[in-house]
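The values are calculated or read from the model by the stated rules, or taken from the named source; none is laboratory data. Keep in mind the model is a prediction, meaning the values are calculated, not measured. Ideal geometry is used to build each Cβ from the backbone, glycine not excepted, and the neighbour counts take in all protein chains shown.
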Amino acid sequence: MAVNILLIDDELEYCAMVKEKLEATGEFSVTTLTDPNGAEAKVQQMKPDLILLDNVMPGRMGSDIAKKLKAKGSETRSIPIIIVSGKGEMVYVKKTDEFKWMPNAPLVKTRGPLPEAKGAEALAKAFGVDDYVAKPFKIEILIEVIKDVMARTRKVEEEPKDDPMI
């Protein structure tokens, strides 16, 4: 059964690319959301197995969404979240039909403060999420992190015990 993923990122082309590559493996089913303002409602409606969440988005930081979804007593608290973000912006260049990373783009700085933590583990802890993947990334790395997070967070179902034969 495919892992049901909700990808929340404001960049439409990026969402389409990640969705295509993840679904091509046959292991994942991806729904995308490009408006971060509808995040909580979409999570409630969809109840995904995992959320991939950008942090740097216009109008709303992913870290604020994560905080609400992971709040104590929240129904969504147990849904694993991986922040996939960076201190820059992934820009699609139509001329070359590829994405270009623009580190420390001035636009990013207008969207709010970013943690100064370094490394995936420290950033995940700073954001209060299950893991962190820095943009740009190789899709193989993202798949590896998704599988690792799912293995760490998936509830282990107890196998039924057979009655001993007498």
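So the values come out like this:
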item: Thr34 being surrounded by fewer than 18 Cβ atoms within 10 Å (Cβ to Cβ), β-branched (Val, Ile, Thr) and in contact (Cβ under 8 Å) with a residue 60 or more places away in the chain; result: no
item: Any hit, segment 53-61, residues being modelled with pLDDT of 60 or more, out of contact with any helix residue (DSSP H, G or I) (no Cβ under 6 Å at 6 or more places or on another chain) and among the β-branched types (Val, Ile, Thr); result: no
item: Residue list for segment 142-166, restricted to those being surrounded by 12 or more Cβ atoms within 10 Å (Cβ to Cβ) and either touching a His at 6+ places or on another chain (Cβ under 9 Å) or modelled with pLDDT of 90 or more (or both); result: Leu142, Ile143, Glu144, Val145, Ile146, Lys147, Asp148, Val149, Met150
item: Checklist (1) touching a Pro at 6+ places or on another chain (Cβ under 6 Å); (2) of a type in the set (S, T, N, Q); (3) over 25 Å from Asp148 (Cβ atoms) applied to Asn4, failing item; result: (3)
item: Inter-residue pairs, beta-carbon under 6 Å, first at negative phi and without any contact (Cβ under 8 Å) to a residue 12 or more places away in the chain and in segment 57-85, second surrounded by 14 or more Cβ atoms within 10 Å (Cβ to Cβ) and among the basic types (Lys, Arg), 6+ apart; result: Arg77/Lys70
